[in-house]
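Written below as structure tokens is the structure these notes are about.
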Amino acid sequence: MTITPQESEVRNWATSFLPPATSPGQSLTLRTPGYVEIKPHTVSGIRSGLAQLGARLEKANLPSGVLATYVGTDSRGNPLSKGMAKYLRVYAVLVNAKPKPTLAAYNQPGRWHYLGFTKLEPTMKHPPVDHAPAFGWAVEPVVQERVKLAVALATPQRKWTTAGGPAPGPDMTYSELAEFYRQLAHELRDPLYAELASELEAMAVA
């Protein structure tokens, strides 16, 4: 039987060195503001996510972010490279802006966190797993919710901001609202966002 490149990627990255699919806890705590990028859990998806996240962090002058990845599985939890997924496995890794993130640096045991196993409800409309990126857009809200449940924010005032579908910008942001607008001001070089951030900070201390 011939194994396609995508099947090989799914098998290698979903079943080799990663944490076992057991009941996860809040094993990842984020202590600084940052971004989350969501990608399929394949070599090409992880490589793309690291590059995209690294560029965003550098541009926004942020120390770290998170790459969240997903694997569509059958009803027994076996990773799929084609067909309809019944469940979704979600993983995450904390990515430092410096040194520039590379695939080799994150292809190591112990770096990745298993965030959980989520059922894709029969009423949820999504294409087969091999219909990318449509499958990714369809399950992105599921991944976002799993990240919110399984990843802890160290500062109570820090909140999640999520994007939807193929929108520009990061898939998720974790920051205080003032921090969020200050990051946007820095990234977009827009003085209006900087002014709004200052006003929100002033309201917080008033």
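Considering the stretch 47-74, the residues that are over 19 Å from Tyr114 (Cβ atoms) and in a loop (DSSP other than H, G, I, E, B) include one that is most open to solvent (accessible area, probe 1.4 Å), namely Asn61. Take the residues in the stretch 32-46 that are open to solvent by 30 Å² or more (accessible area, probe 1.4 Å) and under 28 Å from Arg182 (Cα atoms), then tell me which one is nearest to the chain's Cα centre (by Cα). For the stretch 32-46, the residue satisfying everything is Lys39. Number of residues in the stretch 62-111 that are at positive phi and either touching an Asp or Glu at 6+ places or on another chain (Cβ under 8 Å) or of a type in the set (Asp, Glu) (or both): the value is 1. For the stretch 28-49, taking the residues that are in contact with a Phe, Trp or Tyr (Cβ under 9 Å, 6 or more places away or on another chain) and of a type in the set (A, V, I, L, M), the one that is modelled with the lowest pLDDT is identified as Val43. Tell me the strands (runs of 3 or more DSSP E) entirely within the stretch 107-200 that contain at least 3 residues that are crowded, with 17+ Cβ neighbours inside 10 Å and either modelled with pLDDT of 75 or more or among the charged types (D, E, K, R) (or both). Fully inside the stretch 107-200 and qualifying: 112-119, 172-175.
Screening Gly110 with (1) under 22 Å from Val151 (Cα atoms); (2) in contact with a Lys or Arg (Cβ under 9 Å, 6 or more places away or on another chain); (3) among the small types (Gly, Ala, Ser) gives one miss only, at (2).
The values are calculated or read from the model by the stated rules, or taken from the named source; none is laboratory data. Predicted model, so just to flag it, every value in this text is computed and none were measured. Cβ coordinates were reconstructed from backbone atoms using ideal geometry, including for glycine residues, and neighbour counts include every protein chain displayed. Areas reflect the complete protein model, heavy atoms only, side chains present, ligands, DNA and RNA absent. Shrake-Rupley method; radii C 1.70, N 1.55, O 1.52, S 1.80 Å.
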